[in-house]
1. Just checking: which of the strands (runs of 3 or more DSSP E) contained wholly in region 253-328 hold 3 or more residues that are touching a Lys or Arg at 6+ places or on another chain (Cβ under 8 Å)?
2. Of these, PHE163, PHE173, which one is part of a helix (DSSP H, G or I) and within 23 Å of LEU62 (Cβ to Cβ)?
3. ASP376: of a type in the set (Asp, Glu), in contact (Cβ under 8 Å) with a residue 24 or more places away in the chain and assigned to a helix (DSSP H, G or I), yes or no?
4. Kindly list, by first and then second residue, each pair from a residue in region 186-202 that is of a type in the set (Lys, Arg) to a residue that is surrounded by 13 or more Cβ atoms within 10 Å (Cβ to Cβ) and assigned to a strand (DSSP E or B), limited to pairs with Cβ atoms under 8 Å and residues at least 6 apart or on different chains.
5. Restricting region 103-132 to residues that are modelled with pLDDT of 95 or more and in a loop (DSSP other than H, G, I, E, B), which is farthest from GLU401 (Cα to Cα)?
6. Out of PHE145, PHE218, PHE224, report the one residue that is under 30 Å from ALA499 (Cα atoms) and surrounded by 15 or more Cβ atoms within 10 Å (Cβ to Cβ).
7. Could you check, for region 346-356, whether at least one of its residues is assigned to a helix (DSSP H, G or I), crowded, with 21+ Cβ neighbours inside 10 Å, at negative phi and without any contact (Cβ under 8 Å) to a residue 40 or more places away in the chain?
8. Given (1) under 17 Å from MET451 (Cβ atoms); (2) surrounded by 14 or more Cβ atoms within 10 Å (Cβ to Cβ), identify the lone condition not met by GLY200.
Amino acid sequence: MNPPPIRRLLIVGGGTAGWMAAAALSHILNGAVRIELVESEAVGTVGVGEATIPPIRLFNQLLGIDENSFIRETQATFKLGIAFHDWFRQGQSYFHPFGAYGAPLGAAAFHQFWMRATGCGSAAGDLGPLGDYSPAEVAARLGRFVRPEDAPPSPLARLNYAFHFDAGLYARFLRRWSEARGVVRHEGRIADVLLRPADGFIQSVRLEDGRELAADFFIDCSGFRGLLIEGALKTGYEDWTHWLPADRAVAMPCGRLGPPAPYTQSTALSAGWRWRIPLQHRTGNGYVYSSAFLADDEAEATLRAALDAPPTGEPNFLRFTTGRRRKTWNKNCLSLGLASGFVEPLESTSIHLIQSGLSKLLLSFPDTGFAQADIDNYNRLMQTEFERVRDFIILHYHATERDDGPLWRQVRAMSVPDSLSQKIELFRSRGRVFRYEDELFQEASWIAVMMGQGVVPARCDPLTETVQPEQIRFRLSEIRSTIRRAVEQMPTHDDYIAARCKAPPLG
């Protein structure tokens, strides 16, 4: 006889993770499972994650959410990539664009032909930098934006984009969406977690007012503390601070000056890095840093001095340990968001990891038997996903020429995971990128960051020899000019928002 199906599911914690889970599960399960969520207005959420990557669009599309409505409700702007300043060396910048470079030229990847023609950029001359062959990067430089479906057939069809949005408003938006579809919200703080004596599975949670909420399956979205996955089940945590030493952040919003840029800015500083995220109604700012090299008051002073408009809120200090739970799913409890682990927001991956955790759960949704093979497979997939993201973030720190402070000297000299070391050596050899285990970041992302951080290939792919040099130069020049002309015909980012998805003033 098959074990009974899951009939009652409880999400512990709201915020972005909790309400994304409620929205996705209520949509997919379609009333077959009673979904409840418990959170407390008295418990704050982190809420600093305001930048995303393109897969967020798939999540909204899955739910059938109208994109323009979502943008208006969350004060969102569009994001074409991330501008990195002072990471490789002070005074040097590069751009990580969304979407591929160029167009097919032969059997090798496009960037290989650009490398052959320009000596890996050392003699770019009239062929320009690699970024000139990215519609997203050129549009970002010029402050332009258009959805590919709103543009005539052109290189803009390869444009990809994400969003900057107010994470608190996004959670509220998803709460309304979820409650309209039957999700039941409970207000209250959890005082205790009760385990089944027979097997140590979670039986229920008890609130401070005495109410007890039981369920078959629990999703822990309680933030860094991991109230269920760690507090009750003692799952354990794998600490990555030896590779990613930042353990603090201070966030502070400020007013908006001028049109919002269609990209995130990340600026490396002496003890970490600063973000700048433009929304419709304000600008998000923050400093991620290592407490071993910088005091909290110094971090706040540095951030305040960098604001380009008066602050609109008080500083919000966060403490964290970069790493992941040893098991993302343990017994009848699955963790999402900060409860499952944390990789600093340098590449805006936090919300994506929530989304990825949910998509993998739906592929392995349990019954009350909780088959260990499904749980083990889920944990293996999430471990790999976290580790691939970890490697990509480490690359930004490790591949640098900065030596102006102890943080940079430490990360330059440190040993990195073998999985990252192999990627670096492969790229340094012939500019090749291999993706494993359906990892998140595409080839173009690795190329942008490798070359931006000074990892220059010694030689290009031999398959570029199948195309004559003069033909390569002609096609490169043609592609570059075509992209430039197409981008110049796009509306400005601000004009596009004003015409289609301008948010009303907040009340």
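The values are calculated or read from the model by the stated rules, or taken from the named source; none is laboratory data. Keep in mind that this is a model prediction, so the values were computed, not measured. Cβ: placed from backbone, ideal geometry, glycine included. Neighbour counts: every protein chain shown.
1. 264-269, 283-289, 316-319
2. None of the other options fit; the residue is PHE173.
3. no
4. ARG189/LEU207; ARG196/ILE202; ARG196/GLN203
5. ALA108
6. Values: PHE218 fails: under 30 Å from ALA499 (Cα atoms); PHE224 fails: under 30 Å from ALA499 (Cα atoms).
Result of the check over PHE145, PHE218, PHE224: PHE145.
7. yes
8. (1)
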